[in-house]
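The values are calculated or read from the model by the stated rules, or taken from the named source; none is laboratory data. Values in this document were obtained by computation on a predicted structure and should not be read as measured data. As a convention, Cβ positions derive from the backbone with ideal geometry for all residues, glycine included, and neighbour counts pool all protein chains shown. Accessible surface areas use protein heavy atoms only, side chains included; no ligands, DNA or RNA. Shrake-Rupley method; radii C 1.70, N 1.55, O 1.52, S 1.80 Å.
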Amino acid sequence: MTAAESLERNRDASEAGPFHVTNRLIFSIALPMTLGFLTTPLLGLVDTAVVGRLGRAELLAGLAIGAVMFDLIFTTFNFLRASTTGLVAQAYGRGDRREQQAVFWRSLVIALVSGVAIILLSPLLIAAGLWLMGPDAEVAAVTRTYFLYRILSGPAALANYAILGFVLGRGEGSIGLFLQTIINGTNIVLSILLGLVLGWGVAGVAVGTVAGEAIGALAGFAIVYGRFDKRDAPDWATIFAGERLKALLGLNRDIMIRSFVLLAAFTLMTRIGTSLGPVTLAANAVLMTIFLVAGYYLDGLANAAEQLTGRSIGAAYRPAFDRTLRMTALWSLGLAALTTLAFLAFGNVLVDVLTTAPDVRELAYEYMPWAAVTAVTGALAFLMDGVFIGATWSRDMRNMMLAAFLAYCAALTILVPVFGNHGLWAGLNLFLLMRGLFLLMLVPRRAAQTFRPAQ
């Protein structure tokens, strides 16, 4: 054993069992991942700006519909990232290096198979997406072009979920930042070069995305595999052991349902926006990009909650769980309030950067306060997602998401006919708020069951 290998093995062993949660520990995970996740909405800003600079509302609307379709497809598979993070974090808390590797391989195989299946099903997916969204012929043509290029990123995009889940489960936020920067940085540069400089438009934006995902997946796999200790490598029988695989698939099923319902909520908002006209749809697309900035910003703290919650359960140490919940809640709500204030003050400037269409700008100004307040209404929802993912309380996540979605549909039914687009944004904020509150109410009981003293 080399000195470096000995140090790595001793480090893992020392971090198993009870540990103390500090602000430094939280932000060693949250800060790099916040910076990494901010590159994703930055990518959305660049893509929107590239197409928005072409000065045609139908191009921006077509991109918006295409982006929502891929959110619906890829984010439905976010269970690969979430389940990997929770299971790896718990194995990390136990000091079980072999199981950490086994979880990675299980998730990666599922990711690659799913990615290939998505490509094979692409003709059906684009037909279903256009039927669901119902755009006019010109917008549909733009969406189809974007879709047929970007769908090729499927295997790499899903592999990146498994890779990111693994490094987050180990609390290695700096590696996560590095990989997100590679993926989104490549994407941003190529989207500008191909879409705007070379004049490829929407097709160039899509090709940039494919290249970014592929390069990121190759880099991430090289990093993760290169750091594995071969003496802890599980055999294939262990990786695909029936009991372990069944537990993973059950966890993935619940998180997939939860993710699908979440995306259905945003898809429903886009679909209703489509019925309000292309200018309203384009304005909402700009404002949803602003919402995503707040969302990815808060996701950094949610990731810290995931890892530390899972680690505390793996270590069977309740004080770390309680302290994680308390400290991350304070930081999340405080930073959300500051984010809302920033968007209220400077949001209109951002709208001007994203689009040159005067009618889209004017409408976006009107609804800006609704987009700004989503940071506050969504803060608890993001945090609770992190806690429940780390704890692998997936059934509760699924059930509470379904309950919040039903309430959201009821709110839209009442508010949209009366208040139009204002009612649509009010319904979104109510949905975010209900998600967080419903999950929070379950925490005391579930924590008591999980940390029940041995008899």
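Can you give me the number of residues within region 128-161 that are in a helix (DSSP H, G or I), open to solvent by 50 Å² or more (accessible area, probe 1.4 Å) and either under 16 Å from I272 (Cα atoms) or touching a strand residue (DSSP E or B) at 6+ places or on another chain (Cβ under 9 Å) (or both)?
Count: 2.
Identify all residues within region 139-187 that are hydroxyl-bearing (S, T, Y) and over 18 Å from the mean Cα position of the chain (by Cα); write none if there are none.
T143, T145, Y146, Y149, T186
Picking from T328, T340, T356, T374, which residue would you name as being open to solvent by less than 70 Å² (accessible area, probe 1.4 Å), not charged (D, E, K, R) and not in a helix (DSSP H, G or I)? Steps first, please.
Working: T328 fails: not in a helix (DSSP H, G or I); T340 fails: not in a helix (DSSP H, G or I); T374 fails: not in a helix (DSSP H, G or I).
Step by step, each of T328, T340, T356, T374 is checked, and only T356 is open to solvent by less than 70 Å² (accessible area, probe 1.4 Å), not charged (D, E, K, R) and not in a helix (DSSP H, G or I).
Quick check: anything in region 387-407 modelled with pLDDT of 90 or more, touching a helix residue (DSSP H, G or I) at 6+ places or on another chain (Cβ under 6 Å), surrounded by fewer than 19 Cβ atoms within 10 Å (Cβ to Cβ) and farther than 28 Å from F79 by Cβ?
Within region 387-407, not a single residue is modelled with pLDDT of 90 or more, touching a helix residue (DSSP H, G or I) at 6+ places or on another chain (Cβ under 6 Å), surrounded by fewer than 19 Cβ atoms within 10 Å (Cβ to Cβ) and farther than 28 Å from F79 by Cβ.
Before we move on, is G277 without any contact (Cβ under 8 Å) to a residue 12 or more places away in the chain, open to solvent by less than 30 Å² (accessible area, probe 1.4 Å) and not hydroxyl-bearing (S, T, Y)?
Spelling it out, G277 is indeed without any contact (Cβ under 8 Å) to a residue 12 or more places away in the chain, open to solvent by less than 30 Å² (accessible area, probe 1.4 Å) and not hydroxyl-bearing (S, T, Y).
Residues in region 254-266: is at least one in a helix (DSSP H, G or I), among the hydroxyl-bearing types (S, T, Y) and farther than 26 Å from N399 by Cβ? Break it down into steps so the answer makes sense when it comes.
Narrowing region 254-266 to residues in a helix (DSSP H, G or I): 254-266.
Those left that are additionally among the hydroxyl-bearing types (S, T, Y): 259.
From what is left, the residues that are farther than 26 Å from N399 by Cβ are none.
No; the residues of region 254-266 include none that is in a helix (DSSP H, G or I), among the hydroxyl-bearing types (S, T, Y) and farther than 26 Å from N399 by Cβ.
Can you tell me which of T209, T238 is part of a helix (DSSP H, G or I) and open to solvent by 30 Å² or more (accessible area, probe 1.4 Å)? Can you show your working first?
Values: T209 fails: open to solvent by 30 Å² or more (accessible area, probe 1.4 Å).
Only one candidate passes the filter, namely T238.
Go through (1) over 22 Å from P234 (Cβ atoms); (2) at pLDDT 90 or above; (3) open to solvent by 20 Å² or more (accessible area, probe 1.4 Å); (4) touching a Pro at 6+ places or on another chain (Cβ under 8 Å) for W105 and report which single condition fails.
The one condition W105 does not meet is (1).
Would you confirm whether any residue within region 21-38 is touching a helix residue (DSSP H, G or I) at 6+ places or on another chain (Cβ under 6 Å), at pLDDT below 80 and crowded, with 24+ Cβ neighbours inside 10 Å?
There is at least one residue in region 21-38 that is touching a helix residue (DSSP H, G or I) at 6+ places or on another chain (Cβ under 6 Å), at pLDDT below 80 and crowded, with 24+ Cβ neighbours inside 10 Å.
Tell me, yes or no, whether region 300-313 has at least one residue that is over 28 Å from T143 (Cα atoms), open to solvent by 10 Å² or more (accessible area, probe 1.4 Å) and of a type in the set (V, I, T).
Yes, because at least one residue in region 300-313 is over 28 Å from T143 (Cα atoms), open to solvent by 10 Å² or more (accessible area, probe 1.4 Å) and of a type in the set (V, I, T).
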